[in-house]
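So the structure is just underneath, and the comments pick up after that.
The values are calculated or read from the model by the stated rules, or taken from the named source; none is laboratory data. On a predicted model such as this, the values are computed, not experimentally measured, just so you know. Cβ: placed from backbone, ideal geometry, glycine included. Neighbour counts: every protein chain shown.
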Amino acid sequence: MSDNIKISVKGLYKIFGSEADRMVNLVKDGVGKQQLLEEYRHVLGLKDINLDIETSKLHVVMGLSGSGKSTLIRHLNRLIDPTAGEILVNGKDIVHLNDAELQDYRRHDISMVFQRFGLLPHRKVFDNVAYGLNIQKLPSAEIKERAMRWIERVGLSGFEDHYPTQLSGGMQQRVGLARALATDADILLMDEAFSALDPLIRTDMQTMLLELQTELNKTIVFITHDLDEALRIGDHIAILRDGMMIQQGGPQDIVMNPADDYIVDFIRDINRGRVVHLEKVMDSEILSGVEGGLHATMALEDALPLVTSCEAQCLPVVDDNGKPIGSISVDSIAKAMARPGDAPTTVIR
Ligand SMILES: Nc1ncnc2c1ncn2[C@@H]1O[C@H](COP(=O)(O)OP(=O)(O)OP(=O)(O)O)[C@@H](O)[C@H]1O
Ligand SMILES: [Mg+2]
């Protein structure tokens with residue numbers, strides 16, 4: 001296993017029902033989710049999932065309700081046992097951990113943030129954040145120092161003696177995040193962690209997560225059914241449908257090269273100008289005699305006003321060292337930002 005892969009899921013199947021082991025062969029032979037349910041009374045949760053999650057990256061798993069997102073993430077902390085397949089974490093198969101190893105893995109290697117916050121209502125903010133540290137049996141001075149540090153880091157200083165019900169939803173999820181980060185686990189699992197929040201609070205939480213991630217470099221598995229959220233925060237996105245993985249890639253790959261009509265429908269209304277960078281749509285021509293240029297990772301919507309306002313309506317695109325690697329025109333930006341498949345309905349003469 002390559003050094004930079006933290007979690008590797010290989011050939012994972014999950015079938016719910018009393019004869020799951022027998023059913024897996026039917027599924028391998030092509031029986032689909034609907035048929036398995038109607039003829040065999042079993043639920044296909046996941047089918048042949050293969051997924052490599054890189055160390056220190058934010059990896060989004062996206063899909064509609066019932067597509068298998070929670071089933072997948074619950075395998076990673078072994079709340080669910082697979083019907084078939086392997087899950088390697090740091091190269092070790094966690095499916096075969098004994099009880100003591102599993103307890104150790106859950107206490108030290110992995111932590112989770114839940115959609116409905118999952119806080120203990122009768123414990124104060126401090127005690128909720130300190131929860132995992134108490135389980136780790138750390139010295140009380142260290143528990144106090146760490147819990148207070150995380151309470152402060154998520155912007156809740158002064159609220160440590162409040163109870164969860166005295167806080168807004170956004171604040172409660174900050175407690176959930178502080179609790180998950182306090183244990184110092186390398187892997188953070190987030191199942192629809194921001195989905196219950198109002199849009200503005202949700203955007204704030206995404207921003208905070210991205211800021212924290214630049215400092216902490218955790219390996220984050222983030223589940224969402226929201227494509228905008230996935231595109232905003234994900235280094236890598238995996239899309240599930242009916243228990244199957246239908247596409248994986250960077251946000252730009254998904255938007256530029258959707259694997260099928262289902263994903264085309266999914267991405268139809270997103271702001272492509274915010275997701276796609278110049279490097280994906282630039283022309284290879286190097287402009288002679290033009291100074292400066294736009295960085296290859298600039299988003300199309302940021303580049304558009306700059307290119308429009310220059311006389312030639314075309315500017316060099318440069319790499320990290322300022323070296324020209326291509327050029328970008330208003331025309332290329334406009335084409336790339338257009339919604340795929342939209343034909344003009346009116347012809348202006
Ligand atoms: N314990 C269970 N017993 C039987 N079927 C289950 C069980 N857990 C999940 N399923 C089924 O597995 C499939 C995937 O469910 P899962 O909860 O993983 O979806 P999800 O993508 O997380 O959906 P949501 O967005 O609604 O949370 C669904 O068809 C669901 O009904
Ligand atoms: Mg779910």
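Below are the figures for this structure:
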{"read-out": "Criterion (more than 24 Å from Leu64 (Cβ to Cβ) and in contact with an Asp or Glu (Cβ under 6 Å, 6 or more places away or on another chain)) met by exactly one of Ala185, Ala180", "value": "Ala185"}
{"read-out": "Qualifying position, being touching a residue at least 24 places away in the same chain (Cβ under 8 Å), more than 15 Å from ligand 1 (Cβ to nearest atom) and outside any strand (DSSP E or B), among Leu102, Leu72, Leu64", "value": "Leu102"}
{"read-out": "Condition check for Arg153: away from ligand 1 (no atom under 16 Å from the Cβ), within 21 Å of Leu209 (Cβ to Cβ) and among the basic types (Lys, Arg)", "value": "yes"}
{"read-out": "Any chance Gly30 is under 21 Å from Asp184 (Cα atoms), small (Gly, Ala, Ser) and surrounded by fewer than 14 Cβ atoms within 10 Å (Cβ to Cβ)", "value": "no"}
{"read-out": "Scan of region 31-80 for residues that are within 20 Å of Val113 (Cα to Cα) and away from ligand 2 (no atom under 15 Å from the Cβ), ordered by number", "value": "Ile53, Glu54, Thr55, Ser56, Lys57, Leu58, His59, Arg78"}
{"read-out": "Only one of Asp191, Asp226, Asp184 that is among the acidic types (Asp, Glu) and more than 16 Å from ligand 1 (Cβ to nearest atom)", "value": "Asp184"}
{"read-out": "Qualifying residue in region 249-267 (condition: in contact with a Cys (Cβ under 9 Å, 6 or more places away or on another chain) and farther than 20 Å from Lys57 by Cβ)", "value": "no"}
{"read-out": "Of the criteria (1) outside any helix (DSSP H, G or I); (2) in contact with a strand residue (DSSP E or B) (Cβ under 7 Å, 6 or more places away or on another chain), which one Leu79 fails", "value": "(2)"}
{"read-out": "Pairs where the first residue, in region 179-193, is within 15 Å of Lys6 (Cβ to Cβ) and the second is within 16 Å of ligand 1 (Cβ to nearest atom) and part of a helix (DSSP H, G or I), C-beta under 7 Å, 6+ apart", "value": "Leu189/Ile73; Leu189/Leu76"}
{"read-out": "Test: residue in region 204-221 that is touching a residue at least 60 places away in the same chain (Cβ under 8 Å) and within 16 Å of ligand 2 (Cβ to nearest atom)", "value": "yes"}
{"read-out": "Residue that is in contact with a Ser or Thr (Cβ under 7 Å, 6 or more places away or on another chain) and either under 30 Å from Leu210 (Cβ atoms) or modelled with pLDDT under 95 (or both), where the choices are Thr71, Thr55", "value": "Thr55"}
{"read-out": "Flag for Leu120 being surrounded by fewer than 17 Cβ atoms within 10 Å (Cβ to Cβ), within 15 Å of ligand 2 (Cβ to nearest atom) and in contact (Cβ under 8 Å) with a residue 40 or more places away in the chain", "value": "no"}
{"read-out": "Boolean, Asp269 is in a helix (DSSP H, G or I), surrounded by fewer than 17 Cβ atoms within 10 Å (Cβ to Cβ) and among the acidic types (Asp, Glu)", "value": "no"}
{"read-out": "Condition met for Thr219 (within 14 Å of the chain's Cα centre (by Cα), farther than 30 Å from Met337 by Cα and modelled with pLDDT of 95 or more)", "value": "yes"}
{"read-out": "Residue that is at pLDDT 90 or above and of a type in the set (Asp, Glu), where the choices are Asp302, Asp265, Asp269, Asp342", "value": "Asp302"}
{"read-out": "Residue in region 85-94 that is touching a strand residue (DSSP E or B) at 6+ places or on another chain (Cβ under 9 Å), without any contact (Cβ under 8 Å) to a residue 40 or more places away in the chain and more than 16 Å from ligand 1 (Cβ to nearest atom) present", "value": "yes"}
